[in-house]
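Some notes on the structure that comes next.
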Amino acid sequence: LANPGTLARVSRGEIGIELGDAYVEMDRLADARAAYAQAAETLRAAAPAGREARIVALSKLGVTDERRGDLDSAAAAFQQVVALDEATGNKTSLGARGAVARTVLFKDPELARRMLNGGMAAAELQWKDKPNDICGYYLLRRRIELNHGNPKLAQQWAERALKAAGGMGPRVNLIDRQVRSDLAIIMHMLGRTTDMRRYLAYSGAGRLNEAD
């Protein structure tokens, strides 16, 4: 059992998280950031009892920093979540891995790739019946390659997203539209005009018989 001092720190940390939530509701993001950061530090001193609450504080800190446009700080917070998760042998921190990749996408594509690749097997297992979730993971992986001039690799990830979404068909929802539109962009980059038109048509954005 944790000693009274540790339990008091956990309680203070949890109150700090609630304070941060209240600031977010008031759109006082700088104050929310300070509250979450202080809560995370308080809970760090309460390890291991405060571990789960600290993950919550760091996750909310990352989200707040991302909303404020401080992507470096957001990435640092999300990486701490991944590290805390993996320290206990749990490698399924998929949301945090995706958040790290999203926030370092332009600055550190190698880190973004490592984050997503490291969680890929767990994502495919955990989200095998959640096509929107796994498609989002694949499309983020695709975005890394597309942003860094690798359209053929981007195509592979987009096609995996297409397959997870159920393939090509006449019905189109939001995820279908995104996947097919992405593939149309990739086909355009690769100079494959016919394939580009086909994906545009199946996204609802064009017709198969459009002229050049």
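One table, with the values for the structure above:
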| read-out | value |
| --- | --- |
| Net dipole in debye of the stretch 1-117 [+1 Lys, Arg Cβ; -1 Asp, Glu Cβ; about Cα centre; nearest 20] | 280 debye |
| Value of [θ]222 nm, deg cm²/dmol, for the chain, DSSP H segments ≥ 4, -39500 (n - 2.57) each, nearest 500 | -24500 deg cm²/dmol |
| Within the stretch 1-55, trypsin sites (Lys or Arg not before Pro) in DSSP loop having at most 16 other beta-carbon neighbours inside 10 Å | 28 |
| Estimated dipole of the chain in Debye, rounded to 20 [Cβ of Lys and Arg +1, of Asp and Glu -1, Cα centre] | 580 debye |
| Loop GluC sites (Glu not before Pro), the stretch 93-162, which have at most 16 other Cβ atoms in a 10 Å radius of their Cβ (DSSP) | none |
| Additional length obtainable on full extension of the chain from residue 121 to residue 153, 0.36 nm per residue less Cα span | 9.7 nm |
| Against the rule of thumb 2.2 N^0.38 Å, how large the Cα Rg of the chain comes out | 1.24 |
| Quotient of Cα Rg and 2.2 N^0.38 Å for the stretch 28-91, N being how many residues it contains | 1.07 |
| Subset of 60/152; 107/128; 60/163; 60/107 violating a 27 Å alpha-carbon distance limit | 60/152; 107/128; 60/163 |
| Axial C-alpha extent at least 27 Å, average Kyte-Doolittle at least -1.0 - helices from the chain (DSSP) | 4-25 |
| Positive-end residue, the stretch 116-177 charge dipole about Cα centroid, Cβ charges, pick of 173, 116, 136 | 173 |
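Coordinate-derived values only; no laboratory data. Please read all numbers here as calculations on a predicted model, not as lab measurements. Cβ sites come from the backbone with ideal geometry, for glycine too, and all protein chains shown count toward neighbours.
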